[in-house]
Amino acid sequence: MQAGAGFEVREITIEDIPFLTPIGKGQLGVDYISDEDFEKAISDPGQFCLIPVVDGVPSGFAICKEFGPESEPEALALPDSGYRDWVRSRSRIGLVDSVALSPSVGGRGIGKALCEACLERFSEDGCDSAVSMAWVHEDGVEPIRKALTQSGFERTDLVIRGYWNSWVDTEGGHMCPYCGSPCRCSGALWRRSL
């Protein structure tokens, strides 16, 4: 796994969940992530979760999924486009799905190390490509942009406004910590061949 000054990236354990759920709720929304999401990432063979441990404390996460092209509708729900065709032309896809870091650990290269550890795992598991639907806030801020760029991902021009509303069961739409409910943030498709 990846390591840097004062941190390491490793697999999640059950004991880490109480540290991670509050980070996820604060960064992604109270209706977007739960203890059960982390438990599923531990038990489901089609998923994994890597976490950065900073000065001994779990300080973020990347929940990733691996799937075949036939599962694109359930994993990404992309509109009819050349990008959807690209995803569906791959043999096995790794999705950097839900990512959040504690605000207190920003600026130390942890996001990049986390993304690179996910890519390493995808390659080990036989994925030939990696994708991510990254948050784009209404003001244009893309929290994971730098880490994805530094990890060799290409940002496509496929941007879906309100993308996160379709991934929660909250009546009225996702309760976004940045723009409220319903969420007006967009999801931008990033991709990379492995």
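The values are calculated or read from the model by the stated rules, or taken from the named source; none is laboratory data. This structure is a prediction, so every number in the text was calculated from the model and none was measured. Cβ placement follows ideal geometry from the backbone for every residue including glycine, while neighbour counts extend to all protein chains displayed.
Some values worked out for this structure:
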| read-out | value |
| --- | --- |
| Residue match in the range 40-47 (condition: part of a loop (DSSP other than H, G, I, E, B), more than 15 Å from residue 96 (Cα to Cα), among the acidic types (Asp, Glu) and at pLDDT below 95) | no |
| Tally of residues being assigned to a loop (DSSP other than H, G, I, E, B), over 18 Å from residue 172 (Cβ atoms) and not hydroxyl-bearing (Ser, Thr, Tyr) across the range 30-39 | 1 |
| Top-ranked residue in the range 68-81 [being exposed (fewer than 13 other Cβ atoms within 10 Å of the Cβ) and of a type in the set (D, E, K, R); ranked as farthest from residue 113 (Cα to Cα)] | 80 |
| Residue list for the range 43-64, restricted to those being touching a strand residue (DSSP E or B) at 6+ places or on another chain (Cβ under 7 Å) and β-branched (Val, Ile, Thr) | 51, 53, 54, 63 |
| Output for the range 1-18, where each listed residue is surrounded by 17 or more Cβ atoms within 10 Å (Cβ to Cβ) and part of a helix (DSSP H, G or I) | 16, 17 |
| Verdict on residue 65 being basic (Lys, Arg) and part of a helix (DSSP H, G or I) | no |
| Given (1) outside any helix (DSSP H, G or I); (2) polar (S, T, N, Q); (3) touching a strand residue (DSSP E or B) at 6+ places or on another chain (Cβ under 7 Å), number of the condition residue 27 does not satisfy | (1) |
| Members of the range 143-194 found to be more than 19 Å from residue 61 (Cβ to Cβ) and among the β-branched types (Val, Ile, Thr), listed by number | 149, 156, 159, 160, 170 |
| Residue selected from the range 1-33 under the condition among the charged types (D, E, K, R) and under 23 Å from residue 109 (Cβ atoms), by the criterion modelled with the lowest pLDDT | 8 |
| Filter result for residue 72 (among the charged types (D, E, K, R), over 24 Å from residue 162 (Cβ atoms) and either touching a Leu at 6+ places or on another chain (Cβ under 6 Å) or not in a strand (DSSP E or B) (or both)) | no |
| Residue selected from the range 26-67 under the condition free of Cβ contacts under 8 Å to residues at least 12 places away in the same chain and of a type outside the set (Gly, Ala, Ser), by the criterion surrounded by the fewest Cβ atoms within 10 Å (Cβ to Cβ) | 45 |
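A quick yes/no check of all residues on (1) under 16 Å from the mean Cα position of the chain (by Cα); (2) under 21 Å from residue 66 (Cα atoms); (3) not acidic (Asp, Glu):
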position	(1), (2), (3)
6	no, no, yes
12	yes, yes, yes
15	no, no, no
21	yes, no, yes
26	yes, no, yes
43	no, yes, yes
